[in-house]
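Bear in mind these aren't lab numbers, they're just calculated from the coordinates by the rules spelled out. For clarity, every value in this text was computed on a predicted model and none was experimentally measured. Glycine gets a Cβ as well: all are built from the backbone with ideal geometry, and neighbour counts include every protein chain shown.
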Amino acid sequence: MLIWALLLPMTGLQAQDKNNIFSHLGGSVGLGTTGVTIDLSTNITDFVGVRAGVDIMSNLKFKDDLDILTTVETQSSYNQWAAAQAAGSTVFPNKVKFEGKFSNTSGHVLIDLYPYRNVGFRVTVGAYFAPSEVMDVYNLDDAQLLPVANYNQWAKTQPNAPVIGAQMGDYLFTPDANGHVDAKYKVKGFRPYLGLGWGRGVPRKSVLAFSVDLGVQFWGKPEVLVQGNKLDKSDFGGGGDFLKAMSEITVYPVISFRLNGKFF
């Protein structure tokens, strides 16, 4: 379908006067999974259009509980450390409260390919551009993880003593010496896009018209950095359903509803 849509404009080059080449300019505002969208659009021919603009989505906050990795080995090792502390044993928490900030403001350039001159159905290809860091995750109470931090310092000096941390999907977050965890979630800054849609960027028969986009941005494999260090994938599971899903995303769904207007 994409090859077909690319070839169709060739048939119209013999009659450029009927193809309205670069003859109209429009703009749109929209709302969807990419945030609030504002863009400008023009028609290259009746079969090809171009849109360029910005998608605004900044500092969406969420909270989640992450599980602390607990096994017979970790509990036994922790008890051994706690027994040696003058202050006595401190039971480490099973769950830790985390907060995250999700920011995905981006720019885009999209090419719309229309198989039919008088039908709004289209194939869209293009790319989104944004900073690579899309999420920052951190614990809300450092004191809650301070005993774990102290234990981990001791565990590093002992043979075969496991460290303790919070789980996010396939990753293990361990606190710094002050009990703080700060994780950065990064994807590609250049994100190719492929999708389908209905409606033209520049309405043909009216001043205003609605359109819809359905597609995906290709983010690539995410990177997770804790205290600035990139984490390697491990076989830990469970905990933090939302964060677990985010750590496994390689594509980002795009659903956008727009109101398009024609300037001339």
Self-check item: Inter-label distance for LEU194 and GLN153, nm, one decimal - labels placed 7 Å from Cα along Cα-to-Cβ
Solution: 5.2
Quiz item: Which value in nm describes the separation of the simple spin-label points at ASP142 and ILE255, placed 7 Å from the Cα toward the beta carbon?
Solution: 4.1
Quiz item: Taking a ≥ b ≥ c as the square roots of the eigenvalues of the Cα gyration tensor of region 117-182, is the shape rounded (a/c under 1.5), prolate (a/b larger than b/c) or oblate?
Solution: prolate
Self-check item: FRET efficiency for LEU225 and ALA52, using Cβ-Cβ distance with R0 set to 45 Å, rounded to 0.05
Solution: 0.90
Quiz item: Quick one: if you stick a label point 7 Å off each Cα along the C-beta vector at PHE129 and ALA177, how many nm between them?
Solution: 4.3
